[in-house]
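Chemist: Next up is a structure, given as structure tokens.
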Amino acid sequence: MTEQVRAATPVPTRRVPVWDNARFLCVTLVVIGHGIQRQTADSDAALTLYLFIYAWHMPAFAVISGYFSKPGPPTARQMKRVITDILLPYMIMEAIWSLVQFLVEGQGNLNPTRPSWTLWFLLALGIFRLVLPYLALLRWPLLWAVIISVGVGYLENVDTTFSLSRALGILPFFVLGWKLNEWGLVDRWRGLVRYDWGVRAAATGVLLAFAIVLWVNIDLWREIDLRFWFFYDRSYNDLGDVAWWSGLVRLALLGLAVVLSAAFFVLVPRRHTWMTGFGQATMYVYLLHSFVLYPIRETGVLRDEASSATWLLGMVLAGIAISIALSSPLVRRVFHPLIEPKPRWLFVDGQSGKPGASRTDPTGSRRN
């Protein structure tokens, strides 16, 4: 009888610190990128840092989310969690954003088909979960995801409605994350000891080389508006004169993002660190940081003289501080009903579909 009870008792999943560390670093880069965006108009240093971040930080986030996704047909519990983890938080935050814009700007249009600011990624995660089971049925799913990403840029009627253009644009990274789990490459890297420092040195060199290329050619990147290519939300025609080779540019950027993301993951600490616990609250940081940055961005204080190196460093440090603050237990306790709603009344069986012990949120963060 005792053995039967033990067999029926679920074994708790051991937390892997590298993923919590990676999640916190990625979401902090999101905050920093949004924080310095206004400074890029007047500062080459800010634009260099902005391009450096945007070249790979959301692709890396998509890789993490894909790593913790399951390709099979969704169960009833998984379908409920799409509602509780993605759709409900999206509708709640979208309604709040519309109210804020009405109170501050005198205009607010509640239009769920057009996500406000950072909310696009929630809808993208929903699209990823919808598409993955079908891609998993095909041979070479990663190749098909790349073809979809490159091909959608030629279609002008695919835009930011329901975040479709962006979701399809970064779909390859989500699929890559799922395949990395299947291939077991991350587990092999975690067990690598002999060539550890050599690989880390190479990864550091890749990131530094990319930063130097950005800085040396910053006038060119500003002239061609390179930053818009990293958003994956516009057709090639909207980015300039469409040509047959425009898809090759996106293909090159996809490859670049993979290389830079790989270098980032190699450098992420694999042991438990001061930021590991914060990695369990990435959804709170992602959804709430825009409300903190909104008044700073809209008042115009980050222009002209405020674009100096000192102000840039200040905003970087502020971004780190915001990420830490929004990851705190107090913030999670206060905003839990908004970020993690439990609408048992909404479902016919009276259950919200959330396990009692632990769960994995849409960004792949396993929380108690």
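Chemist: Give, rounded to the nearest 20 debye, the magnitude of the charge dipole that the chain has about its Cα centre when Lys and Arg contribute +1 at Cβ and Asp and Glu contribute -1 at Cβ. Walk me through the intermediate numbers first.
Modeler: Details: 34 positive and 24 negative charges, 380 e Å.
Here the size comes out at about 1820 debye.
Chemist: Region 223-325: percent of C-alpha pairs farther apart than 16 Å?
Modeler: Values: 3912 of 5253 pairs.
Roughly 74 percent, once rounded to a whole number.
Chemist: Shifting gears a bit: Mind giving me the FRET efficiency for residue 238 and residue 216? R0 is 30 Å, r the Cβ-Cβ distance, nearest 0.05 is fine.
Modeler: On the way: r = 28 Å, r/R0 = 0.92.
The calculated FRET efficiency here is 0.60.
Chemist: Also, quick follow-up: Relative to the Cα centre, what is the charge dipole magnitude of region 91-191, using +1 at the beta carbon of each Lys and Arg, -1 at the beta carbon of each Asp and Glu, and rounding to the nearest 20 debye? Spell out each step's value before the answer.
Modeler: Values: 7 positive and 6 negative charges, 85 e Å.
For this selection, approximately 400 debye.
Chemist: If you average 1/r over every pair of different alpha-carbon atoms in region 15-367 and take one over that average, what Kirkwood value in Å do you get? Kindly include the intermediate steps, with their values, before the conclusion.
Modeler: Values: mean 1/r = 0.0472 Å⁻¹.
Across region 15-367, the inverse of the average 1/r is 21.2 Å.
Chemist: Under the definition of Cα pairs under 8 Å and six or more residues apart, what whole-number percent is the relative contact order of the chain?
Modeler: Normalised by residue count, the contact order of the chain is 34 percent.
Chemist: On to the next question. Fewest Cβ neighbours within 10 Å first, please rank 102, 174, 68 accordingly. Let's see the in-between values first.
Modeler: On the way: 102 13, 174 28, 68 17.
By the 10 Å Cβ count, ascending: 102, 68, 174.
Chemist: Ok, one more. Quick one: 274, 221, fewest Cβ neighbours within 10 Å first, how do they rank? If you can, show how the numbers build up before the last one.
Modeler: Working: 274 10, 221 19.
Lowest to highest Cβ neighbour count: 274, 221.
Chemist: Moving on to the next point. Taking the dipole about the Cα centre of the chain, with the C-beta of Lys and Arg at +1 and of Asp and Glu at -1, give me whichever of 24, 291, 329 is farthest to the positive side.
Modeler: 329
Chemist: May I ask for the Rg/Rh ratio of region 12-122, computed from Cα atoms with Rh as the Kirkwood radius, given to two decimals?
Modeler: Numbers: Rg = 17.4 Å, Rh = 16.8 Å.
Computed over Cα atoms, the ratio is 1.04.
Chemist: Fully extended, how many nm does the chain gain between residue 204 and residue 256 (0.36 nm per residue separation, minus their Cα-Cα distance)?
Modeler: Working: separation 52, 0.36 × 52 = 18.72 nm, distance 1.49 nm.
That pair, residue 204 and residue 256, stretches by 17.2 nm at full extension.
Chemist: Report, to two decimal places, the Cα Rg of region 271-314 normalised by 2.2 N^0.38 Å (N = number of residues).
Modeler: 1.60
Chemist: Here is a follow-up. Could you sort the peptides 49-60, 325-336 by per-residue average Cβ neighbour count (10 Å cutoff), highest mean leading?
Modeler: Working: 49-60: 23.0, 325-336: 14.7.
The peptides rank, most packed first, as 49-60, 325-336.
Chemist: Which FRET efficiency value, to the nearest 0.05, do you get for residue 142 and residue 105 by plugging their Cβ-Cβ distance into 1/(1 + (r/R0)^6) with R0 = 35 Å? Display every interim value, and only then the final one.
Modeler: Details: r = 42 Å, r/R0 = 1.21.
About 0.25, to the nearest 0.05.
Read-outs throughout are calculated quantities, based only on the coordinates presented, and are distinct from any laboratory measurement. Bear in mind that the values here come from a model prediction, so they are computed numbers and not experimental data. Cβ sites come from the backbone with ideal geometry, for glycine too, and all protein chains shown count toward neighbours.
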